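See below for the structure under consideration.
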Amino acid sequence: MVRTQRLAASLAVGVIALGAAWLTLLPGVAFWDTGELQAVGPLMGTAHPTGFPTYVLLGWIASVVLQPLGEPAFRMNLLSAISLAVAAAITVDLVLRLTGWLALGIAAGIGLALTPTAWAMATHAETHTLHLALVAILLWLLVAWDERVRGPTTRGVDDPRVDPVDGDDNPADRGDRFLIAAAAVFGLALGNHSLTILLAIPVGLYVLVVDPGIWRRGRLVVSCVGVLALTVVLVYLELPLRAGPFRAPLVYGTPDTWEGFKYIVLAEQFRDSVTDPFGELPRKFADLVTRTTTQFGILAPLIPIGFIVTAVRRPRYALLTGTAAAITCFFAASYVNADISRYYLGPELMAWTWLAILAAAGVDLLAVQAGDLDPATARVRAGMISVIVAVALVVPSLLEIPARHAAVDASRQVDAANWTAHALDVMEPDAAIVSWWSYSTPLWYAQRVEGERPDIEIIDDRTRLDENLGGLTDVIDANLGKRPVYVIRTDPNEVRQLAGLYDLEYIDGGDARTLTRVIGRKGS
């Protein structure tokens, strides 16, 4: 397979994925964590645990490079779309390496891009789409290294469908570079999302199975460990540097102190989010089946069959992806925090490669049924069959495009932008707003990134903790009589408490769950 053909196919699928995401892209700022990521990227700030320094650094680069394309929030949303495009493009060549059929790689890449969760995550600023791209790159590098150590496993070294990874005629001399590069990518992925930790055992097992004697190659082992450690250290230095001597306008917690750094990196804030991992296993399995059916439709029943075929045809790859998918799904099933569907992106990528390997087995079976043909004619016939099978693989996803587009489309979502503009417009000069996370993040974006209303003090629950400001009423009482005070809270108990203690002016609704001004203490 000529390298330019592979590159063209990957780029074409990447453009398709980018186009699909672009059509559904969130146009501006959002609530919740999305708003935070839209702010910390352009500011090179620090985010909530685990800090996501790789994402922040790449987000800053994207916010600079993509300036002509729109406001900073849109650029961060676009970074997610680009990440999906990269993942889809890499999947094309990964599947080609695994099966020998470019058509199946194209089908798997398009299928991944159109998978509901992957598509939805690509519409807004999100660390998980970058995680998906880095996992795809990691898998590609490991398979490329495997081929250099063990040799190609797709029909033989003279198969015209696959050329060497980089055109080198002496692969043994350069195979180590792919493993060292994989170590660097693993480090970047670790700096992007802690889900990468779950890949450590699968990757370690894979390396040992591919090259059982690797421990005798001290220089290679030291190089890989050194590159991994150096990458992790370099990206995580962003936290203390941007919280300390080169302080960013938006910093979460106190990562410039050792205790604060551990709190962020080890995600101590979420330590209780994993609940009863070995409990309710039948229900969790049923939920996984339902989730898989939602993502893959009629292809879902073929996934376990695809894994079995993968175990037969590519046993080392099956070990890598099977253990990785199992550990990730087991963890995600017991992790209770926000939208957990994002945590399954890695396994969804792996499932698409299993389906492609199953399809390749079908191509080989149908080609054998074609009868005795000369080699040239047999290859042409097999190529035609691969195209037909690839079309069958991707058609279910193509048929679901209208429904999936409607479900993930964020191109008209301007609620956060409208609310933020309204809130900044109605609040009086030099006001303080005691806000809650989902509303604080777009306010931070407007103030710290866009430079709007620098006179307003945004006091989030995180701010109260970091600056030792006390409880909700402590902050309100400290500011009443000195400046206008506004609140917006979501806890029903806090809403009732505020109504009982203070005279309130409800600006947007009937209680403090909407923007509300605090007039003063009742009876004062």
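What follows draws every value from the coordinates through simple rules; no lab data is involved. Computed from a predicted structure; not experimentally measured. Because the Cβ atoms are built from the backbone with ideal geometry, glycine has one as well, and the counts that use them run over all protein chains shown.
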Counting only residues 5 or more places away or on other chains, whose amide H sits under 5 Å from the amide H of residue 504 once H atoms are built in the peptide plane?
519
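For residue 462 and residue 281, FRET efficiency with R0 = 41 Å and r from the beta-carbon atoms, rounded to 0.05?
In this case the efficiency is close to 0.70.
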Rounded to the nearest 500, what is the chain's calculated 222 nm mean residue ellipticity when only DSSP H runs of at least 4 contribute -39500 (n - 2.57) each, over all residues?
-20500 deg cm²/dmol
What does the charge count around residue 132 come to, taking other residues whose C-beta lies under 10 Å from its C-beta (Lys +1, Arg +1, Asp -1, Glu -1)?
-1
Using a basic spin-label model with each label point 7 Å from the Cα along Cα→Cβ, how many nm lie between residue 61 and residue 225?
2.8
Using the basic label-point model (7 angstrom from Cα toward the beta carbon), what is the residue 246 to residue 289 distance in nanometres?
5.3
Taking only Cα atoms, what is the 0 to 90° angle, nearest 10, from helix 53-65's long axis to the longest principal axis of the chain?
90
DSSP-defined antiparallel bridges as percent of all bridges, the chain, nearest 5
60
Name the lysines eligible as straight-distance cross-link partners of residue 522: C-alpha to C-alpha under 22 Å, and not fewer than 8 places from it in the same chain.
482
For the range 208-330 the translational diffusion coefficient, Stokes-Einstein from a Kirkwood Rh over Cα pairs at 20 °C and viscosity 1.002 mPa s, in µm²/s, is roughly 112
Taking the C-alpha atoms of the range 300-360, how large are the radius of gyration and the largest Cα-Cα span, Dmax, in Å?
12.2, 38
Relative to the compact globular guide of 2.2 N^0.38 Å, what is the alpha carbon radius of gyration of the range 275-388, as a ratio?
1.34
Please list, short to long, the whole-number percent of alpha-carbon pairs of the range 454-524 in consecutive 10 angstrom bins beginning at zero.
19, 57, 23, 1
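Can you tell me the mean projection area, over all orientations, of the convex hull of the range 23-80's alpha carbons? Units nm², please.
3.7
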Share of pairwise Cα separations in the range 1-127, more than 27 Å, in percent:
24
Which FRET efficiency, nearest 0.05, do residue 437 and residue 384 yield, Cβ-Cβ r, R0 56 Å?
0.50
Defining a contact as two alpha carbons under 8 Å apart and six or more residues distant in sequence, what relative contact order in percent does the chain show?
19
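Mind checking the full-extension length gain between residue 409 and residue 503? Use 0.36 nm per residue of separation minus the Cα-Cα distance, one decimal, nm.
In short, 29.7 nm is gained.
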Simple spin-label estimate for residue 493/residue 259, 7 Å along Cα→Cβ, in nm, reads 2.5
What's the longest uninterrupted piece of the chain once you rule out the trypsin sites (Lys or Arg not before Pro) that are loop residues per DSSP with at most 10 other Cβ within 10 Å?
1-270
What is the diffusion coefficient of the chain in µm²/s, taking the Kirkwood radius over Cα pairs and the Stokes-Einstein relation at 37 °C with a viscosity of 0.692 mPa s?
131
